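Okay, so here's the structure we're looking at.
Values in this text are rule-based calculations from the coordinates and carry no lab data. The model shown is predicted, which means the values in this text are computed figures rather than measured ones. Here the Cβ positions follow ideal geometry from the backbone for every residue, glycine too, while neighbour counts run over all protein chains shown.
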Amino acid sequence: MDPFLTTARIHLRRLTQADLYDLYILNSDAEVMKYVGRPPLTSLGEAQLDLTRYLSYYRKFDHLGVWACIDKESGAFTGLALLKKLEPTDETEVGYRFHRSYWGKGIATEVCRALVTHGFDTAGLQKIVGITHPDNIASQKVLQKCGLSFERVWLYQQIKVNYYSVYKRNL
């Protein structure tokens, strides 16, 4: 499948049914899911529910969705990246989730920057937001490196999060 977006080290492509097991492995890792606001997956059935939801984004929105991140060199599934509606709001969020073996290598920043650029230049967005758990310092740094600024502490789905944003005119 052709990449949706490419960075120096990562191809982003649409998820497919063939990604079910990789998605399960990623989302069943307690460390990966620590700040996501939901427990790790415990079954392939739960992963299928996630995958079905992710696949529906491609039908609902032009230029938005959740994508598989594939290491260009090895072809390995490294994680997920997203630029999607922050339901139930009308805002669009950027986000990412990677296997621990890819943490600390700048990949999240690389992918996030590409998605912010895509959001403004291709999707025609005027604002992109990111939310993080208050203790997730690493993700806060990624969002800041991608041009997002802290605005406030916010209660999202009964969870306290740090809310960041960037406006097209600020870049």
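Looking at the chain as a GNM with Cα springs under 10 Å, which of 37, 65, 75 has the largest mean-square fluctuation? The residue that fluctuates most here is 75.
Helix content alone sets the calculated 222 nm mean residue ellipticity of the chain: runs of n ≥ 4 DSSP H residues at -39500 (n - 2.57) each, divided across all residues, give -9500 deg cm²/dmol.
Placing +1 on the Cβ of every Lys and Arg and -1 on the Cβ of every Asp and Glu, with no other charges, gives the chain a dipole of roughly 380 debye about its Cα centre. If each Cα of the chain is one equal point scatterer, what is log10 of I(q)/I(0) from the Debye formula at q = 0.08, 0.10 Å⁻¹? Here the Debye-derived log intensity ratios amount to -0.21, -0.34.
Per the Debye calculation on segment 47-103 with a single equal scatterer at every Cα and no solvent contribution, log₁₀ I(q)/I(0) for q = 0.22, 0.28 Å⁻¹ amounts to -0.93, -1.19.
Note on segment 5-170: dipole from Cβ charges, positive end direction compared against 117, 161, 94; the farthest Cα belongs to 117.
Here is what passes the span test in the chain: the DSSP H helices with alpha carbon length of 15 Å or more along the helix axis and a Kyte-Doolittle mean of 0.5 or above are 107-121.
The relative contact order of the chain comes to 17 percent, based on Cα pairs under 8 Å that sit 6 or more residues apart. Comparing 48, 157, 140 in a Gaussian network model of the chain where C-alpha atoms under 10 Å apart are linked, the largest mean-square fluctuation is found at 157.
Could you list 60, 84 in order of exposure, starting from the residue whose Cβ has the fewest other Cβ atoms within 10 Å?
Ordered from fewest to most neighbouring Cβ atoms within 10 Å, 60, 84 come out as 60, 84.
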